[in-house]
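Read the structure below first, then the notes.
The values are calculated or read from the model by the stated rules, or taken from the named source; none is laboratory data. Since the model is a prediction, treat every value here as computed from it, not as a measurement. Because the Cβ atoms are built from the backbone with ideal geometry, glycine has one as well, and the counts that use them run over all protein chains shown.
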Protein chains: 4
Amino acid sequence: MDKKIRVAIFGASGYAGEELLRLLLRHPMAEIVAVTSRKNAGEPVSSVFPRFTGLKLHFVEPDVQKISAICDAAILALPHGLATEYAVPLLEAGVKVFDISADFRLRSTAKYKEYYKVDHPAPQLLSRAVYGLPERYREELKRCDLVACAGCYPTSSILPTAPLLAAKLVKPTNVVVCSCSGVTGAGRKVDLPYIFPECNESLKAYGVVGHRHLPEIEQEMAVAAGVPEMKINFIPHLAPMNRCINSTILLDAEEGCTLEKVGEALEKAYGNEEFIRILPAKRPADTKYVFMTNCCEIGYNFDAHTNKVIITSVIDNLTKGAAGQAIQCMNIRFGIDEGAGLR
Amino acid sequence: MDKKIRVAIFGASGYAGEELLRLLLRHPMAEIVAVTSRKNAGEPVSSVFPRFTGLKLHFVEPDVQKISAICDAAILALPHGLATEYAVPLLEAGVKVFDISADFRLRSTAKYKEYYKVDHPAPQLLSRAVYGLPERYREELKRCDLVACAGCYPTSSILPTAPLLAAKLVKPTNVVVCSCSGVTGAGRKVDLPYIFPECNESLKAYGVVGHRHLPEIEQEMAVAAGVPEMKINFIPHLAPMNRCINSTILLDAEEGCTLEKVGEALEKAYGNEEFIRILPAKRPADTKYVFMTNCCEIGYNFDAHTNKVIITSVIDNLTKGAAGQAIQCMNIRFGIDEGAGLR
Amino acid sequence: MDKKIRVAIFGASGYAGEELLRLLLRHPMAEIVAVTSRKNAGEPVSSVFPRFTGLKLHFVEPDVQKISAICDAAILALPHGLATEYAVPLLEAGVKVFDISADFRLRSTAKYKEYYKVDHPAPQLLSRAVYGLPERYREELKRCDLVACAGCYPTSSILPTAPLLAAKLVKPTNVVVCSCSGVTGAGRKVDLPYIFPECNESLKAYGVVGHRHLPEIEQEMAVAAGVPEMKINFIPHLAPMNRCINSTILLDAEEGCTLEKVGEALEKAYGNEEFIRILPAKRPADTKYVFMTNCCEIGYNFDAHTNKVIITSVIDNLTKGAAGQAIQCMNIRFGIDEGAGLR
Amino acid sequence: MDKKIRVAIFGASGYAGEELLRLLLRHPMAEIVAVTSRKNAGEPVSSVFPRFTGLKLHFVEPDVQKISAICDAAILALPHGLATEYAVPLLEAGVKVFDISADFRLRSTAKYKEYYKVDHPAPQLLSRAVYGLPERYREELKRCDLVACAGCYPTSSILPTAPLLAAKLVKPTNVVVCSCSGVTGAGRKVDLPYIFPECNESLKAYGVVGHRHLPEIEQEMAVAAGVPEMKINFIPHLAPMNRCINSTILLDAEEGCTLEKVGEALEKAYGNEEFIRILPAKRPADTKYVFMTNCCEIGYNFDAHTNKVIITSVIDNLTKGAAGQAIQCMNIRFGIDEGAGLR
């Protein structure tokens, strides 16, 4: 590829947008051609994100016609529902779409309706969408036009469990995912629960039953396990930190499963992956080691006393869990160095 | 009771010791008669805890003979093993002993050896010890001489689950306790993993298999369930905050179990407890609401999709999880207002 | 005093209101008879402050006529301007008023207009108001009806400097106050700059020129110095913590000033004060030692190389800087133990 | 330059060493050829810094003879005193030395002795050393062999004040620098004051009189002002965050000084600097906007009421305050793109 990928960011005024800007500005083979925000159109990017003071870049109106004429790729950092409204005309105009929202992640429109409380806005596109988790769908990503980038909690949960489910080392039943996320996971949301004195010295569960990331995790785990359906428990918590997610996952071991076999299955799946780090057996992962990186760090252990495999898996929710992952998918799609802009 | 309880604190130079001082200094019916520290004997308490600057109180050598002559109660904030060394002569001298260490919590000397790697130092005392969890053992606490104060993680796990196990609303198998603790839970330990830049923006599991609080939790859950033994998963995490623990607990529902029945069982068990707060159904607990209090706050939910009861339970690890609990036990033992000094 | 002081809290839905509730609920000689909030009238206090779950107390409309009939004291935790609207009829009804807002702190209506951009709403009351800083105005507080409780930054700045200015150990010129406050200092304000990810890992100055606490500090320093007017620099910063203020203060030494004389002047002024702690010479104050207490901790040093006295002074902004101070003033006014409810 | 700069890092087991690794690993024109640590020689770098798990790099003994044979540049992240022991033979072997310690920053051996309590270990080298602050000494850096990289607090203080002193807009007397640093500023030090529960919710001054960075700041300010000597007040504080420094600086305005002139002087000095960002007038700097970057962000204001210029200046203490600055100096010395590896 001779020329740089021309990238437009739609809905760039939140934390995922800010992270996209941070990463793309130093991406050697991509250039930002448009950054949209209806609310901030006309303003310099630095008015919303003062860390970019000095940068010559302004928010523009999300005019799909104009923007699709000048870009190769569009990354959508928009709320679900709205993402589809932009994806449809962008795809029609031949732009490759990398959607960070949840709109195209669930293959079942029924699940979409159950968890998002509205009919899916463009069911006809679902078959064209590829789930944007490169370490699981790299081949499909190379030739698709619509990427449904994996969610943050799902990325941290699916990556370590998929190879174990696929290898039948663990059972597809009774899976428990207990996650803690930093506060940027809530977006750049101005609401009482997210002000500093409410979050600091606070750790609490939320969405204990029926969190919107649940069906996405269940779907991809079932794919890996080769079963029609899985039902798991996913319990997210808010922790007093800015970024990152830790997911601790309990899996019932199948007969014959050992600590060594778990390690081998993970190594076999991910030993050559640039952005996955398998820890030595028994060492738990630590969010601080993936802070502001595109890595997923995975620890594994075996509890003989209850016959469970215990996984700890950490990512940066804004990088591997959102912006970094979208860029990794984009790099794959455009056939350039997969890690460009992400090291 | 006319006179104040004369209290000696053994091993007061850690965070539990500091919390004991904070609470006892404003206790209307207790007075501190000795505060021991081998390392700091002779120094004012304020040299170790500058917040007590101005307080006329010095650390003394842990001379049991001298101290037992002037105190009614001894609270031991010592490492396990060492606690027994003091408990034996104190009991012989007629002093009531409230031990914050783990020495007398496990009824099985075999478990003690398995988890603490040494023979129990005084097995003959185990039958005299009462488990110091007032809401579960109040009657026994009224007449015992040796109290094995419940650990911090165990307190947060046992309190919400015991009534559900006892009522056969949940199964005694497949219990998962996923906990996050503030850094004071590691004690006032000067070690690399606990310095600020290593803890801040870090959330990680530790002791994933075989944590020392595991057999204690299993023991007390089994007592509640009326079964000889339970095997559970207990996974502690370190979170970037000073105090408090959140325990999220997943329990397999027995047939007929409903959200309402769970709420009723908790209300029945604890509706009159001053230091337990049952939240409205489905609302998760939040550590910040128990910060620096002696309360345990319990949230409960029911996941019909996996047929699990999901509990969230929070305490302040230094108060209800250590110093406050010891004082509550002491108040009970001496027949005074149970909440004295703890409101 | 036989009966308890009957206290009404006006505008109790912010952090100062929460702290008032926390303190008054354990005050042995006061009882809360009304807690107003226009927005939350009719709701239980616990709906706004879940830590009070279980408390039988509801917000009511701020009906002065009704409330003044049942209370002895009113503590106003209202925005400036609005505070006066309530203070006027409460005073007329014979209620003692303790105002946490800034309405009655400045003796000059011109300064009020300069800094608050409106005419003072009740200039006729200014001569009746006493500045609510007990360690400076205890005698006046004993017999006044309207207390203008000192602000948080001013409390931390005025207490340590007043005795030095009064003793002519330091000059009334070229004073620099450099302060850092926790985020509760901004109130329970739901605004982008105060959400967790914006505050965490952030330290920044604000209100560098002309902060509203400046004229209050200047006024009281000038009173202490016995000069008609002082002009100082006061520079507040926001620090990533919940509570407390550190003020570092640089003062030009007068001839003959020494470290010892500074210590003596502070001891003489405050040696008998329950809520002021003078540190040993050269030891800087630390906010964590006053966290959730009513204390002001003061450190002092002398820099011979620039001939400056350097003060470090810390308080908890919500306790000594707001709610605790109001209660201390109230205790004085009603002739009861000054520290009741504050230990 | 065709070949990459071959870099050896001496004393790489602290936070500055970790930051050097982070930056150099992605530097396009430099390669790490040796990383020394006496304590960890033979161990993989990842054993000390788990975030580098997977990296094929081991600590080696600091054998100057061996290492000087294979490197072009040595960056010293060693304690003062020890740095000189390595600098001397490295220079003799023709290696360019970039010293992060304080050994060669002070031009006066008397000052060195006064503040470091020992005789300077190699006074003969002082005249060869250039102060490693690129925006002030770029030309000298291009041709020197020994760079005394500027300290963290000095960088944040000297950069914004030097142009104002040089332009005679402010007086060289009565300068006050009030700084707050994150805890990595104390190094990776395992000591009680630095454990999480002691730092969290704590803000405190330290080194109030005679901090070791004081003579360095005074020296460089005096150079800029063109006066033989300056005496200032520098007051550092520890704040509960990992990285960054905010310095708030008060300067007495010279006659004729205005807000506009201050802005112009800063723009003139730094308008073309890649790593300095002058904020719009009156907007204070915020540490979060330089977190993990090599930028210095400078805000300026004018207080007509006291006739002072008020500067706020923020840097990341580990990047622009240590590792990033060393690399920037190295880039200059080797004639490559100054910002390589730092964007």
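Of all residues in the range C:153-190, those satisfying the criterion of being more than 14 Å from every other protein chain (Cβ to nearest Cβ) and either part of a loop (DSSP other than H, G, I, E, B) or surrounded by fewer than 24 Cβ atoms within 10 Å (Cβ to Cβ) (or both) are C:Ala162, C:Pro163, C:Ala166, C:Ala167, C:Lys168, C:Leu169.
Quick grid of which residues meet (1) closer than 23 Å to A:Leu250 by Cα; (2) of a type in the set (Ser, Thr, Tyr):
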site: B:Pro134; (1), (2): no, no
site: B:Tyr153; (1), (2): yes, yes
site: B:Leu169; (1), (2): yes, no
site: B:Val175; (1), (2): yes, no
site: B:Cys199; (1), (2): no, no
site: B:Val209; (1), (2): yes, no
site: B:Glu216; (1), (2): yes, no
site: B:Ala224; (1), (2): no, no
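Sub-9 Å Cβ pairs linking a first residue in the range C:69-85 that is on the phi > 0 side of the Ramachandran plot and surrounded by fewer than 19 Cβ atoms within 10 Å (Cβ to Cβ) to a second residue that is aromatic (Phe, Trp, Tyr) and not in a loop (DSSP other than H, G, I, E, B), at least 6 apart or interchain, are C:Gly81/C:Tyr116, ordered by first then second residue.
Applying a threshold of 7 Å to beta carbon distances and a minimum spacing of six or more residues, or different chains, the list of pairs starting in the range C:180-193 at a residue that is more than 25 Å from C:Thr248 (Cα to Cα) and ending at one that is in a loop (DSSP other than H, G, I, E, B) reads C:Arg188/C:Gly14; C:Val190/A:Val190; C:Val190/A:Asp191; C:Asp191/A:Val190; C:Leu192/A:Val190.
From the list B:Val45, B:Val95, exactly one residue is of a type outside the set (Gly, Ala, Ser), buried (at least 20 other Cβ atoms within 10 Å of the Cβ), within 30 Å of C:Asp286 (Cα to Cα) and touching a helix residue (DSSP H, G or I) at 6+ places or on another chain (Cβ under 7 Å). Which is it?
B:Val45
If the condition is being at negative phi, assigned to a loop (DSSP other than H, G, I, E, B) and not polar (S, T, N, Q), then the range D:283-319 contributes D:Arg283, D:Pro284, D:Ala285, D:Val290, D:Phe291, D:Cys295, D:Ala304, D:His305, D:Asp316, D:Leu318.
Determine, yes or no, whether A:Ile332 is part of a strand (DSSP E or B) and among the hydrophobic types (A, V, I, L, M, F, W, C).
On the way: part of a strand (DSSP E or B): no; among the hydrophobic types (A, V, I, L, M, F, W, C): yes.
No, not satisfied.
Tell me whether the range B:236-253 contains one or more residues that are in contact with a strand residue (DSSP E or B) (Cβ under 8 Å, 6 or more places away or on another chain), part of a loop (DSSP other than H, G, I, E, B) and over 21 Å from B:Glu135 (Cα atoms). Within the range B:236-253, one or more residues are in contact with a strand residue (DSSP E or B) (Cβ under 8 Å, 6 or more places away or on another chain), part of a loop (DSSP other than H, G, I, E, B) and over 21 Å from B:Glu135 (Cα atoms). Right, B:Ala74: part of a strand (DSSP E or B) and either touching a Phe, Trp or Tyr at 6+ places or on another chain (Cβ under 6 Å) or at pLDDT 95 or above (or both) or not? Spelling it out, B:Ala74 is indeed part of a strand (DSSP E or B) and either touching a Phe, Trp or Tyr at 6+ places or on another chain (Cβ under 6 Å) or at pLDDT 95 or above (or both).
Quick check on D:Gly132: is it touching a helix residue (DSSP H, G or I) at 6+ places or on another chain (Cβ under 7 Å) and under 30 Å from C:Tyr289 (Cβ atoms)?
Numbers: touching a helix residue (DSSP H, G or I) at 6+ places or on another chain (Cβ under 7 Å): yes; under 30 Å from C:Tyr289 (Cβ atoms): no.
When the stated conditions are applied, D:Gly132 does not pass them.
Taken over the range C:289-312, the criterion of being within 9 Å of another protein chain (Cβ to nearest Cβ) and either of a type in the set (Lys, Arg) or more than 30 Å from D:Glu229 (Cβ to Cβ) (or both) is satisfied by C:Tyr289, C:Val290, C:Phe291, C:Met292, C:Thr293, C:Cys295, C:Glu297, C:Lys308.
Yes/no per residue for (1) closer than 18 Å to C:Glu31 by Cα; (2) among the aliphatic types (A, V, I, L, M); (3) crowded, with 24+ Cβ neighbours inside 10 Å:
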residue	(1), (2), (3)
C:Thr287	no, no, yes
C:Thr293	no, no, no
C:Asn307	no, no, no
C:Ser313	no, no, yes
C:Gln325	yes, no, yes
C:Ile336	yes, yes, no
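Of the residues making up the range C:49-71, those that are of a type in the set (A, V, I, L, M) and at pLDDT below 95 number 1. Among the residues of the range D:4-19, at least one is touching a residue at least 40 places away in the same chain (Cβ under 8 Å), among the aliphatic types (A, V, I, L, M), outside any strand (DSSP E or B) and touching a Ser or Thr at 6+ places or on another chain (Cβ under 7 Å).
Residue under question is D:Asp286, and the condition is that it be within 10 Å of another protein chain (Cβ to nearest Cβ) and closer than 13 Å to D:Ile249 by Cα; does it hold?
Numbers: within 10 Å of another protein chain (Cβ to nearest Cβ): yes; closer than 13 Å to D:Ile249 by Cα: no.
Against the criterion (within 10 Å of another protein chain (Cβ to nearest Cβ) and closer than 13 Å to D:Ile249 by Cα), D:Asp286 does not qualify.
Would you check which residues across the range A:99-152 are under 13 Å from the mean Cα position of the chain (by Cα), of a type in the set (A, V, I, L, M, F, W, C) and part of a loop (DSSP other than H, G, I, E, B) and list them? Within the range A:99-152, A:Ile100, A:Ala102, A:Phe104, A:Leu133, A:Ala150 qualify. Name the single residue, out of those in the range C:221-274 being among the charged types (D, E, K, R) and within 14 Å of chain D (Cβ to nearest Cβ), that is farthest from C:Tyr300 (Cα to Cα). Among them, the one singled out is C:Glu229.
So which residues in the range D:207-238 are of a type in the set (Val, Ile, Thr) and over 23 Å from D:Gly182 (Cα atoms), if there are any at all? Residues satisfying the conditions are D:Val223, D:Val227. In the range D:232-260, the residues that are closer than 19 Å to D:Pro284 by Cα and among the small types (Gly, Ala, Ser) never reach a residue that is at pLDDT below 95 and surrounded by fewer than 22 Cβ atoms within 10 Å (Cβ to Cβ) with C-beta atoms less than 8 angstrom apart, at least six apart or across chains.
Residue count for the range B:256-279, restricted to those that are over 15 Å from B:Cys295 (Cβ atoms), of a type outside the set (A, V, I, L, M, F, W, C), out of contact with any Phe, Trp or Tyr (no Cβ under 7 Å at 6 or more places or on another chain) and part of a helix (DSSP H, G or I): 5.
Considering the conditions (1) within 14 Å of chain A (Cβ to nearest Cβ); (2) buried (at least 23 other Cβ atoms within 10 Å of the Cβ); (3) of a type in the set (Lys, Arg), B:Lys320 is excluded by exactly one of them, (1). For A:Arg38, indicate whether it is among the basic types (Lys, Arg), part of a loop (DSSP other than H, G, I, E, B) and closer than 16 Å to A:Arg188 by Cβ. Taking the combined requirement at face value, the residue satisfies it.
Please determine whether any residue of the range C:27-35 is touching a residue at least 40 places away in the same chain (Cβ under 8 Å), buried (at least 22 other Cβ atoms within 10 Å of the Cβ), small (Gly, Ala, Ser) and farther than 25 Å from C:Ser127 by Cα. Yes: one or more hits.
The set of residues in the range B:193-220 that are more than 13 Å from chain A (Cβ to nearest Cβ) and over 24 Å from A:Ser202 (Cα atoms) comprises B:Arg212, B:Glu216, B:Gln219, B:Glu220.
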